[in-house]
Amino acid sequence: MTGPRAYHQVPVAEVISETDDTFSLVLAVPPELAGAFAYRPGQFLTVRIPVEDGSVARCYSLSSSPHAGDLPTITVKRTAGGHASNWLAGHARAGFVLDTLPPAGTFCPDSLEGDFLLFAAGSGITPVISILKSALAAGRGRVVLIYANRDERSVIFSAELRRLAAEAAGRLLVIHWLDSLHGGPTAAGMAGLARPYRAAEAFACGPDPYLAVVRQAMSQLGVKAVHLERFLSLAENPFEVTEPTGGVAATLQVCLDGTTRDVPWPAGTRMLDVLIDEGLDPPYSCREGICGACACQLTGGEVDMAHNEVLEAEDLAEGYILACQSLALTPEVSITYS
Ligand SMILES: Cc1cc2nc3c(=O)[nH]c(=O)nc-3n(C[C@H](O)[C@H](O)[C@H](O)COP(=O)(O)OP(=O)(O)OC[C@H]3O[C@@H](n4cnc5c(N)ncnc54)[C@H](O)[C@@H]3O)c2cc1C
């Protein structure tokens, strides 16, 4: 049995209204939590939201850049009929304390040096603008953003994007796709816009049908590698107790935070639970194979992943696995967290 995940309490410094249905929470991370809350552009926080009989967990990407002097900020769009986004809209004020796990996620560039081709739809701009601002601040390449929205009023960060483009001396190009003018995004439309920039490293975030269109567009352009971030509500809850699932016995050698140790891996337990039960502090969030927060690299042995919605073929080829979904297939398995 694995206990609930320890979380941090972080006060909200300011609430900024971005559009009619979107707002940002600027966080006043206390100095003693600065290390735990260091983040990479594209990462998210997992926030605990109370419900009548406990809590639910929801992920919100950081829209701030760790390279541009911003305070850590999450941006939330109200979902019609949604619990957490509307609860936050009703409760979050300056001074309100957010229960949250530290930053996590793998929707991040390995390096900020190259050129970037960024796709976002609606609130999918949140992790994308963090990458965009970071690349402009810390890199030297060109950044192209293709940003789809229903209409002009729904464009989040429109003034900020204008300002960034004006200040970027030709390094940032923002192309808006408005459904009100062009109809819904199409693969042919996206491919036409992206063609001149297809050699750049591509990132896309938005609803599933939009991501499918972007994938199709990039495949028409001969590009297979697109980093994708899906915005889903978590069904499992890392803030509450969870039960282990089936598997086989092994010894797990783990390199985490610069220390290597061997831990027994009982049959019938997911790798993540083994690490937590051993008193280690591995990163994780959704426990559903969706978010990628628990990704680590397999350096020996074999595992079976029950479910994977986030690691792409190239990640798997590099040995990345999801600890929350992994069961041992060999008596000895070794992993490393980088
Ligand atoms: C890695 C990641 C990063 C994310 N980053 C962001 C971000 O930066 N900004 C952002 O706004 N969102 C982000 N999200 C999405 C966010 O976590 C939530 O999914 C979103 O806010 C909706 O949550 P909710 O509780 O308001 O809606 P939910 O209560 O989860 O409802 C979602 C939808 O399902 C419907 N629904 C709910 N319950 C039922 C039911 N029982 N039967 C039928 N339909 C139902 C609702 O009507 C609604 O349309 C991210 C998600 C992930 C995984």
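The values are calculated or read from the model by the stated rules, or taken from the named source; none is laboratory data. Being a predicted model, the structure only gives us computed values, none of them experimental. Because the Cβ atoms are built from the backbone with ideal geometry, glycine has one as well, and the counts that use them run over all protein chains shown. Please note that ligands, DNA and RNA were not included when accessible areas were found on the heavy atoms of the full protein model with its side chains. Shrake-Rupley method; radii C 1.70, N 1.55, O 1.52, S 1.80 Å.
Run the dipole for the chain about the Cα centre, Lys and Arg Cβ at +1, Asp and Glu Cβ at -1, nothing else charged, and hand back the magnitude in debye, nearest 20. Numbers along the way, then the final one.
On the way: 23 positive and 38 negative charges, 251 e Å.
It comes to approximately 1200 debye.
For region 33-93, what is the accessible area per residue in Å² when the probe is 1.4 Å?
Averaged over the residues of region 33-93, the accessible area is 42 Å².
Among 207-213, 254-260, how do they line up from the highest to the lowest mean number of other beta-carbon atoms within 10 Å? List each step's numbers first, then the result.
Values: 207-213: 16.1, 254-260: 12.9.
Most protected by this proxy first, the peptides run 207-213, 254-260.
How many Å² of accessible area per residue for region 151-230, probe 1.4 Å? All intermediate terms of the calculation are to be shown ahead of the outcome.
Details: 4170 Å² over 80 residues.
Solvent-accessible surface per residue comes out at 52 Å².
Within the chain, what whole-number % of the accessible surface is contributed by carbon and sulfur, with the 1.4 Å probe and all protein chains included in the calculation?
Numbers: 7500 of 14740 Å².
Using a 1.4 Å probe with all protein chains present, the chain comes out at 51 percent carbon and sulfur.
Just going by the charge dipole of the chain, with Lys and Arg at +1 and Asp and Glu at -1 on Cβ, which of 159, 57, 135 is farthest out on the positive end?
159
Report the FRET efficiency, 1/(1 + (r/R0)^6), for residue 249 and residue 313, where r is their Cβ-Cβ distance and R0 is 30 Å, rounded to 0.05. List each step's numbers first, then the result.
Working: r = 30 Å, r/R0 = 1.00.
Efficiency at R0 = 30 Å is approximately 0.50.
For the chain, what's the radius of gyration and Dmax over Cα atoms, in angstrom?
20.2, 59
Label residue 338 and residue 302 with points 7 Å out from Cα along Cα→Cβ: what is the distance between them in nm?
It is 2.4 nm.
With +1 assigned to the C-beta of every Lys and Arg and -1 to the C-beta of every Asp and Glu, and no other charges, what is the dipole magnitude of region 167-253 about the Cα centre in debye, to the nearest 20?
Numbers: 6 positive and 8 negative charges, 123 e Å.
For region 167-253, the charge dipole is close to 600 debye.
Picking from 263, 197, 319, whose Cα lies most toward the positive end of the charge dipole for region 180-338 (charges on Cβ: Lys, Arg +1; Asp, Glu -1)?
197
When the Cα atoms of region 1-68 are enclosed in a convex hull and the volume is divided per residue, what value in Å³ results? Don't jump to the answer; show the numbers that get you there.
Details: hull volume 9.4 nm³, N = 68.
Looking at region 1-68, the number lands at 138 Å³ per residue.
If you project the alpha carbons of region 133-180 onto their three principal axes, what span does each projection cover, largest first, in Å?
For region 133-180, the Cα extents along the three principal axes come out at 34, 16, 16 Å.
Each residue of region 202-219 in turn: what ³J(HN,Hα) in whole Hz from Karplus with 6.51, -1.76, 1.60 and θ = phi - 60°, glycine and Pro shown as x?
Result, ordered by residue: 9, 10, 9, 9, x, x, 3, x, 5, 4, 4, 5, 5, 4, 5, 4, 5, 5 Hz.
Sticking with the crude label model, points 7 Å out along Cα→Cβ, report the distance from residue 257 to residue 17 in nm, one decimal please.
4.3 nm
Residue 96's amide H: which non-local residues (gap 5+, or another chain) put their own amide H closer than 5 Å, with H modeled 1.01 Å from N in plane and none for Pro or chain starts?
Excluding prolines and chain starts, which carry no amide H, the hits are 12.
Which listed residue (16, 104, 121) has the Cα farthest towards the positive end of the charge dipole for region 1-131, taking +1 on Lys and Arg C-beta and -1 on Asp and Glu C-beta about the Cα centre?
Going by the charge dipole, the pick is 104.
Using a Förster radius of 35 Å, what is the FRET efficiency between residue 68 and residue 219 based on their Cβ-Cβ separation? Nearest 0.05, please.
Working: r = 33 Å, r/R0 = 0.94.
It comes to 0.60.
Once the piece of chain linking residue 230 and residue 267 is laid out straight, how much longer is it, given 0.36 nm per residue of separation minus the C-alpha distance between them? Mind showing how you got there, number by number?
Working: separation 37, 0.36 × 37 = 13.32 nm, distance 3.18 nm.
Once the chain is fully extended between residue 230 and residue 267, it gains 10.1 nm.
State in Å² the accessible area per residue of region 275-338; use a 1.4 Å probe, count heavy atoms of protein chains only, and round to the nearest integer. Before the final figure, lay out each step's value.
Values: 2630 Å² over 64 residues.
Per-residue accessible area for region 275-338 comes out at 41 Å².
Nothing charged except the Cβ atoms of Lys and Arg (+1) and of Asp and Glu (-1): what's the magnitude of the dipole of region 1-136 about its Cα centre? Round to the nearest 20 debye. All intermediate terms of the calculation are to be shown ahead of the outcome.
Values: 8 positive and 12 negative charges, 36 e Å.
Rounded to the nearest 20 debye, it is 180 debye.
Which residues does a label at residue 53 reach in region 226-241, if reach means a backbone N under 16 Å from a point 7 Å past the Cα toward the Cβ?
236-237, 240-241
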